Amino acid sequence: MSAIPEGYLGASGRIAAGPAPELVAAGYERELADNDLLAAGMGLSDIAHVLSLGDHGVIAPDGERSLLAALLELEDLDPATLADARYGDLYNVRERWLEQRIGGAGGWLAAGRPRRESGRIAFRIGLRSRVLELEAAVARFAAALVEQADRHRATLMPDFTYLQVAQPTTAGHWLLSFAAPAIRDGERLRRDFAWVNASPAGAGGVNGSRVPVDRERLAGDLGFDAVIEHTRDAMWQTDGLVELVSHAALAATTASRLAEDLEIYASEPFGFVRVAAEHCRASALMPQKRNPYALPVIRGAAGTLIGRAAGLAATQRTPSGRTDNLLYAYGDTAGAVALATDAVALAAAVVEQLELDVEALARPLLEGFAMAADLADVLMLETGLDHRSCYRVVGRAVALAIERGEGSSALDQEALDSAARELLDRPLNVPAESIADALDVDASIASRTVTGGAAAIPMARMLHADAERARALAADVAGRRERLEAAEARLRERARARIALLGDGQHPPGSLSAAAHHDESAPD
């Protein structure tokens with residue numbers, strides 16, 4: 001059997017041996033790998049718990065004072081210096097340090113709660129700041145897209161389907177098509193933050209505890225916006241983690257879809273855009289190359305995150321009240337959010353410095369047949385002929401022009417009437433000026449006046465609305481971050497004030513100890 005470390009939890013009960021080295025390597029060290037995520041939140045959780053015990057007169061004043069002082073001291077220590085993996089997770093490691101530092105007073109941390117409560121609180125505190133960072137990156141990405149779209153709202157370019165020239169559009173309209181899903185990503189993450197920033201504090205083992213606590217006060221002290229009502233659900237809920245990682249993957253996928261387009265458009269055969277040098281990397285073999293390395297980094301992150309979301313979902317398929325669905329979830333969830341943040345922030349930086357070649361973007365519209373669909377629409381509107389017949393006439397005229405090596409200028413009145421005679425046994429007799437208007441790219445864009453179209457008025461509306469949404473998201477993130485930081489600072493200050501109060505021999509107003517002290521000193 002493995003030797004029992006001094007103070008090993010359970011050694012005086014049913015755990016008659018120290019942990020096997022294999023358990024330490026596969027289990028305890030895995031838990032301690034999340035120290036950076038959990039340490040700050042666990043410190044806040046423990047401070048709030050001790051203050052609550054003091055408020056309710058559960059802990060003696062001397063014990064409360066020494067424990068609070070030790071917890072504040074512990075906050076300043078690197079958790080890596082405490083980590084003796086033989087003792088298990090961070091909670092056990094911290095408890096062992098407290099026992100060595102202040103003796104039996106450290107044992108009050110376990111009053112009325114299991115260690116998992118401290119861990120669940122710590123996880124949410126550590127995760128919520130990371131979700132805010134991802135939201136901020138999404139807001140930056142959306143704002144960068146809106147700014148570039150505004151700059152190029154009149155820059156002509158072909159839209160593509162299946163990498164084939166489809167219809168004329170503007171670079172601004174194309175870029176803005178990524179801002180809308182980015183803003184939706186931000187809205188989804190805002191809801192995820194609300195899930196993360198709900199408090200499990202005071203839930204006890206599964207259904208509360210005999211130890212009196214005020215769950216609403218604990219939530220407020222820790223900066224949470226709400227209390228998770230059902231105590232057992234508070235300890236074991238995992239569905240929000242799957243949603244969060246899935247939405248992180250979606251945010252990275254939005255950035256990846258743009259990166260896919262940019263990698264094609266930045267290639268030499270297209271030459272539409274130029275990725276800034278600081279987002280490129282040289283080939284180690286071919287000196288002529290300028291690889292837009294940032295783009296595959298973004299794409300790779302999105303693919304990785306899709307896999308992580310599926311993996312996290314798979315681990316949640318367990319009976320309730322189990323540890324295996326959370327043993328890996330802490331680090332995996334936080335890591336997924338961090339990876340998405342890096343990818344989206346990189347995408348924002350790429351867009352901010354992206355250069356568009358206006359002439360190259362317009363060239364396919366002038367040289368190819370991007371106006372064919374517009375021409376079919378005009379023929380239909382001018383003649384009253386059904387759209388499919390007009391489509392076939394234009395398609396035949398385009399095919400004949402390509403066979404002759406001609407461009408869109410060959411789609412004149414004579415060519416269209418010839419195709420119509422072949423297919424419909426009669427000419428269309430559409431005026432030449434109507435045909436010329438149908439082939440005019442600027443006129444085509446100006447005609448897209450429907451809601452969400454590429455014309456000036458709908459573009460102006462969308463640019464304004466999306467810019468406001470991106471700004472609102474960024475401002476909301478900043479506001480929530482300030483509120484969390486203020487709540488955490490207030491909690492630490494309250495702990496310092498309590499230490500000073502107890503050092504003066506006083507008791508917290510409203511506590512059971514204060515009431516007892518008042519009764520003892522009151523006259524008969």
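Restricting 423, 379, 346 to residues that are farther than 30 Å from residue 259 by Cβ and either in a loop (DSSP other than H, G, I, E, B) or open to solvent by less than 60 Å² (accessible area, probe 1.4 Å) (or both) narrows the list to 379.
Of the residues in the range 315-331, none is open to solvent by 10 Å² or more (accessible area, probe 1.4 Å), assigned to a helix (DSSP H, G or I) and closer than 30 Å to residue 265 by Cβ. Tell me, yes or no, whether the range 220-231 has at least one residue that is under 29 Å from residue 134 (Cα atoms), part of a helix (DSSP H, G or I) and at pLDDT 95 or above. There is at least one residue in the range 220-231 that is under 29 Å from residue 134 (Cα atoms), part of a helix (DSSP H, G or I) and at pLDDT 95 or above. Considering each of 101, 140, 130 in turn, give the residue that is part of a helix (DSSP H, G or I) and within 27 Å of residue 237 (Cβ to Cβ). Matching residue, one of 101, 140, 130: 130.
For the range 271-278, the criterion of being open to solvent by 20 Å² or more (accessible area, probe 1.4 Å), basic (Lys, Arg) and part of a helix (DSSP H, G or I) is met by none of the residues.
Scanning the range 144-180 for residues that are at pLDDT below 95 and outside any strand (DSSP E or B), which turns out least open to solvent (accessible area, probe 1.4 Å)? By that ranking, first place goes to 163. Candidates 366, 312, 285, 327: the one that is out of contact with any helix residue (DSSP H, G or I) (no Cβ under 8 Å at 6 or more places or on another chain) and at pLDDT below 95 is 285. Hey, does the range 247-257 have a residue that's in contact with a strand residue (DSSP E or B) (Cβ under 9 Å, 6 or more places away or on another chain), surrounded by fewer than 20 Cβ atoms within 10 Å (Cβ to Cβ) and of a type outside the set (Asp, Glu)? No, the range 247-257 contains no residue that is in contact with a strand residue (DSSP E or B) (Cβ under 9 Å, 6 or more places away or on another chain), surrounded by fewer than 20 Cβ atoms within 10 Å (Cβ to Cβ) and of a type outside the set (Asp, Glu). Of all residues in the range 37-62, those that are at positive phi have Cβ atoms under 9 Å from Cβ atoms of residues that are of a type in the set (A, V, I, L, M) and assigned to a helix (DSSP H, G or I), 6 or more apart or on another chain, in 57/512; 57/514; 57/515; 57/516.
Within the range 426-475, the only residue that satisfies the criterion of being open to solvent by 80 Å² or more (accessible area, probe 1.4 Å), aliphatic (A, V, I, L, M) and not in a helix (DSSP H, G or I) is 450.
Residues are listed down the side, and each one gets a yes or a no for (1) touching a Phe, Trp or Tyr at 6+ places or on another chain (Cβ under 9 Å); (2) of a type in the set (Gly, Ala, Ser); (3) open to solvent by less than 10 Å² (accessible area, probe 1.4 Å):
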| site | (1), (2), (3) |
| --- | --- |
| 21 | no, no, no |
| 31 | yes, no, no |
| 54 | no, yes, yes |
| 57 | no, yes, no |
| 64 | yes, no, yes |
| 71 | no, no, yes |
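The values are calculated or read from the model by the stated rules, or taken from the named source; none is laboratory data. The structure presented is a predicted model; accordingly, all values stated were derived computationally and were not measured. Note: ideal-geometry Cβ built from the backbone for every residue, glycine included; neighbour counts use all protein chains shown. For the accessible areas, the whole protein counts, side chains as well, though only heavy atoms, and no ligand, DNA or RNA atoms are used. Shrake-Rupley method; radii C 1.70, N 1.55, O 1.52, S 1.80 Å.
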